[in-house]
1. Which listed residue (B:Cys95, B:Ser105, B:Val229) has the Cα farthest towards the positive end of the charge dipole for chain B, taking +1 on Lys and Arg C-beta and -1 on Asp and Glu C-beta about the Cα centre?
2. In deg cm²/dmol and to the nearest 500, what is the mean residue ellipticity at 222 nm of chain A if only DSSP H runs of at least 4 residues count, each as -39500 (n - 2.57), divided by the residue total?
3. Any idea which of A:Ala298, A:His209, A:Ala283 is furthest toward the positive side of the dipole for region A:197-302, if Lys and Arg beta-carbons carry +1 and Asp and Glu beta-carbons -1?
4. Taking region A:40-150 on its own, what percent of its Cα-Cα pair distances exceed 24 Å?
5. So for the protein assembly as shown, what percent of the C-alpha to C-alpha distances run longer than 31 Å?
6. Which of the lysines could a cross-linker span from B:Lys72 if the Cα-Cα distance has to be under 26 Å and same-chain partners fewer than 8 positions apart are dropped?
7. Measuring nothing but label to label, 7 Å from Cα along Cα→Cβ, what are A:Ala302's distances to the other copies in nm, shortest first?
8. Given label points at 7 Å from Cα along Cα→Cβ, what nm distances, shortest first, separate B:Ala265 from the same residue in every other copy?
There are 2 protein chains.
Amino acid sequence: MDLPKRVRLVEVGPRDGLQNEAKPVPVDVKVELIDRLTAAGHTTVESGSFVSPRWVPQMASTDEVMARINRKPGVSYPVLVPNKQGMNGAVEARCEEVAVFTAASEAFCRKNTNCSIDESFERFAPVIEAAQKHGMRVRGYISTVVACPYSGDVAPEAVAILADRLFRMGCYEISLGDTIGVGTPAKCVAMVDAVAQHVPREKLAAHFHDTYGQSLANILAVMGRGITVFDTAVAGLGGCPYAKGASGNVGTEDVIYMLNGLGIAHGVDLDAIAETGRFICAALGREPASKVAQALKAQCAA
Amino acid sequence: MDLPKRVRLVEVGPRDGLQNEAKPVPVDVKVELIDRLTAAGHTTVESGSFVSPRWVPQMASTDEVMARINRKPGVSYPVLVPNKQGMNGAVEARCEEVAVFTAASEAFCRKNTNCSIDESFERFAPVIEAAQKHGMRVRGYISTVVACPYSGDVAPEAVAILADRLFRMGCYEISLGDTIGVGTPAKCVAMVDAVAQHVPREKLAAHFHDTYGQSLANILAVMGRGITVFDTAVAGLGGCPYAKGASGNVGTEDVIYMLNGLGIAHGVDLDAIAETGRFICAALGREPASKVAQALKAQCAA
């Protein structure tokens, strides 16, 4: 297998993982979560979003979170910013990295952000501009890169066009999200290969949800195609709002376990992440979705 | 990706999946389970074992199960047979296929079957002989092919030697079992490649447990190395007796979902299997471990 020697993990648990939680997660818990994640070795931790608290009440405290975390040198704490107004919040909170987002499906974009794909670009164009003025890095998210829950399959070329556009606008990295987790290895490879005709592979990240348990196989497949950045969430945090009860982001523990077995460097300590997973799951009153987390817990109990 | 056009699934839910259940599963339920699995398209369903009911009480009713299932033409219903005595039961039950088993780790073999690896061969040599006399096919199982819960890593060459021995003794297929589910893609590939130096790849089956969530990635990896037979269990039945609470065999639903996405033929209907998974999980009073099963259930509820 022709695999990379080193990859980078982007921990999205504190934002993508927690944003759909029914009960608000206290700021104290979020701060401790983020600090534990960076202590475990993560160098990129998505820490919140400056979206309207009316739409995403879970993220309402992002300014406070950003003020209280222990910002480690060399670690990036991107926050999601949908528009100019959100950008003001990010600047006030002294964020050094923001993330903008669109979708590869018109139907999903409208349902999720109440605008067309083109309009989503119009909304975040000034965000990218302001970020550049403030010397902030910008990450770009494209969701529904394999399929849309409303309109079905998404053409790889549709994703490629958007990735190209985001990259030209100045995003340093494009995260390709299989939002509903329906992708399988060949589809993910086809999508990545299409995008790579426009954007260098080292500028792409794969963002897989484990709804159908396919994430690790997909990560393995796209690693074989030169992708070296992976979005993961500790304990497999995050639900799928389109299929209640289904699991969320691929678990950081599961990805680390596979990478360790493959001898691929990533810099994150499995035991510390598993411990962090137990911490946040205890706070949420639930079991971790990550199988590695479950197995390690069972092992401890035995 | 260089993958096969067609694979065969061996459904092990009724045996490997149920053998560790604390409460006995009624014969009626087992019979319906097996008949549903073959109705869904499975051509090989491991249906029980003729081991001492003192050791595996769950399998005590295998003779009755074999008498009552609807034996479909072209479908094989292998049963596990540890020794000559078990073989008598299999002959009486008019079984057409038996399976013998050993382990790649001495420590595991002793703990699991109370004999050395060499002694395990001595025990099943007369089984294979009798099977040949009765015109029965013999499948060979090797467990702990990646690592042992007692003695750690297992050398690929150790597995290869045993597979070679089983194959020469007349096993038509050798199932390579990562009993504790700790394998990752490169380790599984190394193991399979070592074995394939002695036994043709088309005579090998991969038997992965999903304890650490690695099964699909491992299946994808070894499919890329010419393996075309996979042992799976509906709903991901089966626990890991060495880590209570950890999950068991890779879920048939999850494997089918990946294969369907890859366009690889296998002949089994996903919806019928998912329905069968709901049937057996309802009987067991538990949720399916298979993520595809969970996602389909969540989708139905939504």
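1. Comparing the listed Cα positions along the dipole, B:Cys95 ranks first.
2. Mean residue ellipticity at 222 nm (helix-derived): -12500 deg cm²/dmol.
3. It is A:His209.
4. Counting pairs separated by more than 24 Å, the tail of P(r) holds 25 percent.
5. 49 percent
6. Within the straight-line cut-off, B:Lys72 pairs with B:Lys5, B:Lys30, B:Lys133, B:Lys203.
7. The answer, with the shortest distance listed first, is 3.4 nm.
8. Going from nearest to farthest copy, the values are 4.7 nm.
Every number here is computed from the coordinates shown, using simple stated rules; none is lab data. A quick note: this is a predicted structure, and the numbers were derived from the prediction, not measured. All Cβ positions, glycine included, derive from the backbone under ideal geometry; neighbour counts span all protein chains shown.
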